[in-house]
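Take a look at the structure set out below.
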Amino acid sequence: MSESIDARKSLSRRSFLRAAGFTAGALGVFGAAGMLSADGWLEPADAQAAVDEHTAATYHQAHCEGNCSLKCTVRDGRMCLIQPSEWDNPKDRTVCLKGLAEIEHVYSSERIQSPLKLVGERGSGEFVPITWDEAWMEIADRLGSLREKYGDDCVLYQSTSENDSTGLLPSIMHMQIGLYGGIDYNYPNGIDPAFGYPFALYNASPETLTATRTLINFGANPYESDLTRAGYLNAAKDAGCELITIDPHFSTTAGKSDHWISINPGTDPALLLGMATAILDNGWQDESFMAANTSFPFLVNASDGTVVRDPVDPAKLVGLTEAEAALITGKPYIWDTVSNSAQLFDAAGVMPALEGTFVSNGSKVTTVYSLVKENAKKHTTSWAAGITGIDESAIVGLADKYANQKPAVLMVGYGSADKYTNGDIAGHAMTVLAAMTGNIGVEGGTIGAFSNNYVIGPATLGTWPLPEDAAPSPSTMDIYEMPYNENNVHAIVSFGDISNRVANYNVMTEWYKKLDFILTVDPFYSPSIPYADIVLPACTRFENSEEIGGVKVVYDRIMLRQKVIEPLFESKTDFEIERGIAACFGLEDLLPESAEEYARVRFETGEGFDGIAFDDVIDNDGIYALPFEPFIAFTDQIYATPSGKFDPYYETLLTYGQALPTYEAPGEVYDGNPLADKYPLKFCQPRTRFRLHTQFSDAEWIRQFLDDYIELNPVDMANRGLTHGDTVEVFNDRGSFRCPVHANESVRPGCTRMFEGSWPKYLKAGHYQTVTNDRFAERGYVNWYGTMIPYNDTLIEIKKAGE
Ligand code: SF4
């Protein structure tokens, strides 16, 4: 074992070249300078006929929603060219800057070269390199004694989109995996219950957007962060769709839109509720659609807001848990205008009243639609204008286009209003708008994200068979709640960097320091690494010890992870590391013997591969297009809710006053918050095309185009005596960090913008997540996807550093 070192400093250029397997001969071909610049090894393939050269394909990242298959050219053992794989359909030939930058990034000086053991304080980054055998012994010893003392569920497993593991490890070791797993699903929290289905994600094929005439984009920025989706938006625009972007800032997508409407951050629910009122005020609603296809005619008890239902047949509840039983509801009633009485909604021959107040069994009842109209009185267009900062006429104009220039889409992304405490209310308000106008279940008219990552394709992979008792231990919360609540987690096993999954970073790192053991698996020295006790160097998706490292089926395609290059340094694949950890506890036989075996079994036990053999995919250069027809869900107007109707009335939220969407201000960035006297600026951290959360932050080819700075409107710069490029301190009561400030008129006055994913080493000091808000909305605990971190719901102040 060698002396204590800073692992990053250990990555000398010399060791990098040695570990990468470069020989003097190879250097002689390309020249030493050529190894670290684009000269020589990026020449066209036919420029160096004598070299050993081959191509292989791998799928790339998932969380950008791209899932591109990349054709990689390898010359003398080094990846030297990345191109989109050659599909029949040109729309699938995609690659972005991040994919292209892998030629350099894979060989980054931030690669972890060997297993590391922490010898200093957690967070110090003082590691010594150890052998793999020493690493396995440490893991067996430390995790083993914790599991013995506290039980299997004392280990929390986390993984990120960068890793390509099987995900079987937490099942065979009965680790916890956290309760929710999502940090930007607040829109779906509000949208999906109305469909009874994860509709916000699995909504419709993006190709169907060519039928859309009005697309209102709420804060998504696909032209930056979801480039493959941007292509579909271009096609929609070419087909005549009017694209309108609502965003506090002039985003890249706003620049590609027909209209950009700047909104006061965190007030999207007010805009949507104001639009609903405008539709009612102007009689633009589609009452026949509401009566036929939605829950709006359902009767509600005027006294408590509960839906009037048939009692549940007790026989249906036999053997169910309390939670399962709670999901079984009786059939709702409507007011039948033929018999002038309450009748089951699906009784033969009934003609439901859409609105009105009635007496049934001595109780006053009304309809959901009557409550919608009542609710609208609280959310007038002039009120919405005051909250959002948008002209009342613009709100009415938006409502007009949405209701009358149909089919129309309300588009969301992952981020934007998801990162405010009231994001779920915005999603919920969208369902009311869709119900009122019939913009659901029709081609070109829906609500959703339109990322091809989430479109249901024609085929799905199967699973690896595990023993019956193999399952993660139940979790009662997610990692971002653990510092504040009692739990049994004493150790974390993390595949990838989890530093961006938390807010109020100082609190989180204090919690990390109290844990008994942290194991992190990562190709790169990412921001989480200094808190790990043991760090294991993982391969990137380009490196493999086997010829086939994985298979993926997304949307309309099968993609293989083929070996592009041999593992660099001492890295191992995620699969090998999973098996290694399992072997520490004698559990490796529960896993496949090889990544290829796992891929083949999943393929062979999958569905929708009729007529396709696994070897066909190999023979077809690791990619295979599946026959696929674009689709849109629920065109039959039968929804996945218990009643089969589109149902924006959420009884589960009655106690929160949110059975229908009712405006609540964001948690921190609301106008009039006294905290704004101290911290007047609203902190927003959108995504950028240069990074994927914290991934690619260290990619040198990308860093030449993106420094890590915070942006401010020139007016706010002047008010603080700041000059473009000054180093500033960004702070609030939670924490602070330092970085350069840039003036940008695209940023709304009173706000700041900083692209998420900065690594602390690229800031002047601190971590940008130390200032972010960790106050969750209580109703999140009953929402489908749980509590969400309100990252953007954050007030800060900025001053010149050192003042
Ligand atoms: S990062 Fe870029 S190249 Fe990679 S999958 Fe996403 S869009 Fe494709």
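The values are calculated or read from the model by the stated rules, or taken from the named source; none is laboratory data. Keep in mind that this is a model prediction, so the values were computed, not measured. Glycine also receives a Cβ, built like all others from the backbone with ideal geometry; neighbour counts cover every protein chain displayed. Only protein heavy atoms, including side chains, enter the accessible area calculation; ligands, DNA and RNA are left aside. Shrake-Rupley method; radii C 1.70, N 1.55, O 1.52, S 1.80 Å.
In summary, the aspartates and glutamates within cross-link reach of Lys799, defined as a Cα separation below 20 angstrom excluding same-chain residues under 8 places away, comprise Asp677, Asp707, Asp708, Glu711, Asp716, Asp726, Glu729, Asp733, Glu745. Cα extents for the stretch 469-528 along the principal axes, largest to smallest and rounded to whole angstrom: 35, 27, 19.
Note on the chain: helix-only mean residue ellipticity at 222 nm, from DSSP H runs of 4+ residues weighted -39500 (n - 2.57) and normalised by residue number, equals -7000 deg cm²/dmol.
Annotation: amide H of Asp164 within the under-5 Å range of Asp574, sequence separation 5 or more or interchain, hydrogens built in the peptide plane.
The fraction of accessible area contributed by carbon and sulfur in the stretch 218-284 is 47 percent, rounded to a whole number (1.4 Å probe; ligands and nucleic acids excluded). Computed on the Cα atoms alone, the convex hull of the stretch 495-641 gives a volume of 201 cubic angstrom per residue. Starting from the Kirkwood Rh over alpha-carbon pairs, what translational D in µm² s⁻¹ does the stretch 402-518 have by Stokes-Einstein at 37 °C and 0.692 mPa s? In µm²/s, the coefficient is 175.
Ligands, DNA and RNA are left out, and with a 1.4 angstrom probe the accessible area of the stretch 274-325 is 49 Å² per residue.
Counted over all Cα-Cα pairs of the stretch 308-404, pairs farther apart than 19 Å make up 63 percent.
Each pair of Cα atoms in the stretch 347-452 enters the Kirkwood radius, and Stokes-Einstein at 37 °C and 0.692 mPa s then converts it into a translational diffusion coefficient of 201 µm²/s.
Between the residues Pro465, Ala236, Ile612, the greatest Cα displacement towards the positive end of the dipole of the chain, with unit charges on the Cβ of Lys, Arg, Asp and Glu, is found for Ala236. Per-residue accessible area (protein heavy atoms, 1.4 Å probe) orders Phe127, Phe690 as Phe690, Phe127, starting from the largest. In the chain, the DSSP beta bridges split such that about 60 percent are antiparallel, to the nearest 5. Electrostatic tally near Trp511: other residues with Cβ closer than 14 Å to its Cβ, Lys and Arg +1, Asp and Glu -1, net -2.
Based on C-alpha pairs under 8 angstrom that are at least 6 apart in sequence, the stretch 662-803 has a relative contact order of 34 percent.
When Rg and the Kirkwood Rh are both derived from Cα coordinates, the Rg/Rh ratio for the stretch 661-803 amounts to 0.98.
Net charge dipole, the chain: roughly 1860 debye, given to the nearest 20, about the Cα centre with Cβ charges of +1 for Lys and Arg and -1 for Asp and Glu.
To put it simply, the accessible area of the stretch 145-189 at a 1.4 Å probe is 42 percent carbon and sulfur.
Histogrammed with a bin width of 10 Å, the alpha carbon distances of the stretch 271-324 distribute as 18, 26, 33, 14, 9, 0 percent, first bin at zero.
From the largest down, the stretch 718-766 spans 27, 21, 19 angstrom on the principal axes of its Cα atoms. Across the stretch 456-578, Cα-Cα pairs farther apart than 24 Å form 47% of the total. Take the Cα coordinates of the stretch 406-459, assign each an equal point scatterer, and use the Debye formula without solvent to give log10 I(q)/I(0) at q = 0.12, 0.19, 0.26, 0.32 Å⁻¹. At q = 0.12, 0.19, 0.26, 0.32 Å⁻¹ the computed log10 ratios are -0.32, -0.74, -1.06, -1.19.
Relative to its residue count, the stretch 579-630 spans a Cα convex hull of 115 Å³ per residue.
Annotation: lysines with alpha-carbon distance below 21 angstrom to Lys800 (same-chain offsets under eight excluded): Lys678, Lys682, Lys761, Lys764.
With distances taken between every two different alpha-carbon atoms, the stretch 82-148 has a Kirkwood hydrodynamic radius of 15.9 Å.
Considering only Tyr624, Gly644, Thr655, and ranking their Cα positions along the charge dipole of the stretch 568-659 that arises from unit charges at the beta-carbon of Lys, Arg, Asp and Glu, the one farthest toward the positive end is Thr655. Within the full protein context, the accessible area of Phe705 is estimated at about 130 Å² for a probe radius of 1.4 Å. Extents of the stretch 226-349, taken as max minus min of Cα coordinates on every principal axis and listed largest first, are 57, 40, 31 Å.
Derived from the Cα gyration tensor, the three semi-axes of the equivalent ellipsoid of the stretch 586-662 are 43, 23, 11 Å, largest first. Here the chain is treated as a Stokes sphere of Kirkwood radius computed over C-alpha pairs; at 4 °C and 1.567 mPa s its diffusion coefficient rounds to 46 µm²/s. For the chain, the longest principal axis of the C-alpha atoms and the axis of helix 574-584 are separated by about 80°.
Accessible surface computed residue by residue for the stretch 182-223, with neighbouring protein chains in place and a 1.4 Å probe, gives 17 Å² per residue. Between 0 and 90 degrees, rounded to the nearest ten: what's the tilt of helix 392-404 against the longest Cα principal axis of the chain? Long axis of 392-404 versus the principal axis of the chain: about 90 degrees.
Across the stretch 145-288, how large is the tail of the calculated P(r) beyond 26 Å, expressed as a percent of all Cα pairs? Looking at the stretch 145-288, the distances longer than 26 Å represent 46 percent of pairs. Here the stretch 341-452 has 51 percent of its accessible surface on carbon and sulfur atoms, given a 1.4 Å probe and all protein chains in place. Short-range pairs are left out: with C-alpha atoms under 8 Å and at least six residues apart, the relative contact order of the stretch 455-611 is 28 percent.
DSSP bridge analysis restricted to the stretch 671-803 gives an antiparallel fraction near 75%, rounded to the nearest 5. Using C-alpha pairs under 8 Å with a sequence gap of at least 6, the mean separation divided by the residue count of the stretch 290-339 gives a relative contact order of 40 percent. In the context of the full set of protein chains, the stretch 577-653 has a per residue accessible area of 48 Å² (1.4 Å probe). Charge dipole of the stretch 526-660 (Cα centre as origin; +1 on each Lys and Arg Cβ, -1 on each Asp and Glu Cβ, all else neutral): 580 debye, rounded to the nearest 20. Accessible area per residue was computed with a 1.4 Å probe on protein heavy atoms; Tyr785 scores about 50 Å².
Counting only Cβ charges, +1 for Lys and Arg and -1 for Asp and Glu, the dipole size of the stretch 256-412 around its Cα centre is about 40 debye.
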